[in-house]
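Report on the following structure.
The values are calculated or read from the model by the stated rules, or taken from the named source; none is laboratory data. Please read all numbers here as calculations on a predicted model, not as lab measurements. As a convention, Cβ positions derive from the backbone with ideal geometry for all residues, glycine included, and neighbour counts pool all protein chains shown. Ligands, DNA and RNA are excluded from the accessible area calculation, which covers all protein heavy atoms including side chains. Shrake-Rupley method; radii C 1.70, N 1.55, O 1.52, S 1.80 Å.
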Amino acid sequence: MRLVKTHGSLNEIFALDAAPGAWGSDAELREFVRRVCDRASWTGGSDGIYLYDASGANAQAWFFNPDGSSAEFCGNGMRGLGRLILDRRGTGTEVVGSGGRQYTVHRAPSTPEGVRQVLLELPPLRFDEAPLPAPFAGFTAVAVPNPHVIAVVEEYSEPALIELGKRADQVFPAGANVSFLQPLGDTEGSDTEGSYTEDSYTEHTGTEGGAPEVFVRTFERGAGLTPSCGSGVVASRAAYSRVSGLDPAQRLVVRNAGGVAAASVRVRDAAWYPVLEGNATVVYRAETDLAGHQAGPLEWAAAENSAYAALDERNTGYLKSHGIETAHP
């Protein structure tokens, strides 16, 4: 079976062309997931895996966290998976089903360095208006559809985020992804990894103008602290409009520990439809068997990895210049 490691803002997600029914039991499937996602394994591990079936008109996908648990959706994983399906079919737009919902992925211009980009349209998100219990009082709860709780902070604290991320499993019956969002005071030198000029973005969204910037870091349920979380980006984007009053349609540059993305929200009939844009990079391709053992050599995408490394270095320097120190887990 062909196993492809992709990443969106260094959030590494596998894509495997196989449906869950290929395994004899749910236990065998979850053991496979844990084995290939293990950072000590031959794969180098990942932050999750998308299984998919692209034999129909619309591809179907199933996401699993590295601990073997399932989740409705992974934003960065869908970026990578969508890019692979676009390449496989030679198309500019594809629709992928995941967790009972449909996601539309568009091919977008690569950066001058050669970093591949996609634009992802998501189904409407939902705000939970009920007051949240301590220690999450004052956070904004958003379902994308996986659950997120977001706090807008004046200063980012990684230890505090980790502590709250661990508490989420105790407080919320289904767990929750926990994000801190810190506004960045200026937009000088802002970019989205060179992913879109204002004209190319306008072509997709119909918006224009300058883009404010924020930093977002997410502690993901079932995975922990990751360099980036795609659903965390769009959940945080929506929460920021709720807290700050920023027009949802305004393009917001979202910097993570692992890279840069951008997000906006289209409001139609009172429903909020997020749009996420950013890189979809192939790390390597390999072969695996149903037990999660290596069945062929790793074929590294050297040029793609080199191009992204330059952009990652620039983003890290930008964050440090704003007093934000993070670690790539």
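So here's what we get for this one:
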{"quantity": "Test: residue in the range 21-30 that is within 24 Å of Asn177 (Cα to Cα), free of Cβ contacts under 8 Å to residues at least 60 places away in the same chain and within 15 Å of the chain's Cα centre (by Cα)", "calculated": "no"}
{"quantity": "For Asp289: the one exception among (1) of a type in the set (Asp, Glu); (2) in contact (Cβ under 8 Å) with a residue 40 or more places away in the chain; (3) closer than 22 Å to Leu86 by Cα", "calculated": "(3)"}
{"quantity": "Flag for Arg167 being over 19 Å from Gly99 (Cβ atoms), touching a Pro at 6+ places or on another chain (Cβ under 8 Å) and open to solvent by 30 Å² or more (accessible area, probe 1.4 Å)", "calculated": "yes"}
{"quantity": "Single match in Asp26, Asp17 (criterion: charged (D, E, K, R) and surrounded by fewer than 14 Cβ atoms within 10 Å (Cβ to Cβ))", "calculated": "Asp26"}
{"quantity": "Test for Glu304: is it of a type in the set (Asp, Glu), within 21 Å of Leu81 (Cβ to Cβ) and touching a Ser or Thr at 6+ places or on another chain (Cβ under 7 Å)", "calculated": "yes"}
{"quantity": "Subset of the range 86-107 (residues that are open to solvent by less than 10 Å² (accessible area, probe 1.4 Å) and farther than 25 Å from Asn177 by Cβ)", "calculated": "Leu86"}
{"quantity": "Residues located in the range 278-329, provided they are small (Gly, Ala, Ser) and surrounded by 19 or more Cβ atoms within 10 Å (Cβ to Cβ)", "calculated": "Gly278, Ala280, Ala286, Gly292, Ala307"}
{"quantity": "Of all residues in the range 140-164 being within 23 Å of Gly99 (Cβ to Cβ) and not in a strand (DSSP E or B), the one that is modelled with the lowest pLDDT", "calculated": "Pro145"}
